[in-house]
1. If you put +1 on each Lys and Arg Cβ and -1 on each Asp and Glu Cβ, how big is the dipole of the stretch 3-124 around its Cα centre, in Debye rounded to 20?
2. Per q in 0.29, 0.31 1/Å, what log10 I(q)/I(0) does a Debye calculation on the alpha-carbon atoms of the stretch 29-88 return?
3. Straight-line reach from Lys75: which lysines fall under 17 Å, measuring Cα to Cα and dropping same-chain residues less than 8 apart?
4. For the ranges 20-30, 83-93, 59-69, what's the packing order if you count other beta-carbon atoms within 10 Å of each residue, average per peptide, and put the highest first?
5. Could you tell me how far the Cα centroid of the stretch 1-45 sits from the Cα centroid of the stretch 69-130, in Å?
6. Out of residues 5 or more away from Met65 or on other chains, whose amide H comes under 5 Å of its own, with H placed 1.01 Å from N in the peptide plane?
7. With +1 on each Lys and Arg Cβ and -1 on each Asp and Glu Cβ, and nothing else charged, work out how big the dipole of the stretch 68-130 is about its Cα centre, in Debye to the nearest 20.
8. Take every Cα pair under 8 Å in the stretch 3-124 that's 6+ residues apart, average their separations, divide by the length, and report that relative contact order as a whole percent.
Amino acid sequence: MVGFVLVSHSKPLADALAAYTKMMAPQAVIEAAGGLDDGSFGTSSDKIEAAIRKVASPDGVIVLMDMGSAVMTAKMVVSDLEDDDFESPVRLVGCPFVEGAVEGTVLAQSGSSLDAIMDDLAKVGATHKL
């Protein structure tokens, strides 16, 4: 099953979203990587890498980020993992954080492939034009 990592500047936000997605997709493989080690706001490359390693499988990992430096930090971590010949494919996705987490984990739980989930997540949020 495709695993998910939720990267946020806020530990409580990442943890709450992980709990919320678990209600919608209880068998999904999800790890939160929020905040800095001391609990303050920010993003930690160590937390992101540990979360990716924890959910990694041959099916792959999708990383969703809340904004800004979370994206930059996640890109750096994934690049480093690729340089180390990390076994599991890891993809970063730019979509709405909450919607993407719910949509993606529900699809993963139903057995969708990494590519199919990525294709679907590319459309998430597009229907919300006001």
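Where a number appears in this text, it was derived from the coordinates with a stated rule and is not lab data. What you see is a predicted model, and the numbers here were worked out from it, not measured in a lab. Neighbour counts run over all protein chains shown; Cβ positions are idealised from the backbone, glycine included.
1. Approximately 420 debye in magnitude.
2. Normalising to I(0) and taking log10 leaves -1.37, -1.47.
3. Lys75 reaches Lys47.
4. The peptides rank, most packed first, as 59-69, 20-30, 83-93.
5. Between the Cα centre of the stretch 69-130 and that of the stretch 1-45, the gap is 13 Å.
6. Amide H neighbours of Met65: Val7, Val93, Cys95.
7. Charge dipole, the stretch 68-130, about its Cα centre: 480 debye, nearest 20.
8. 29
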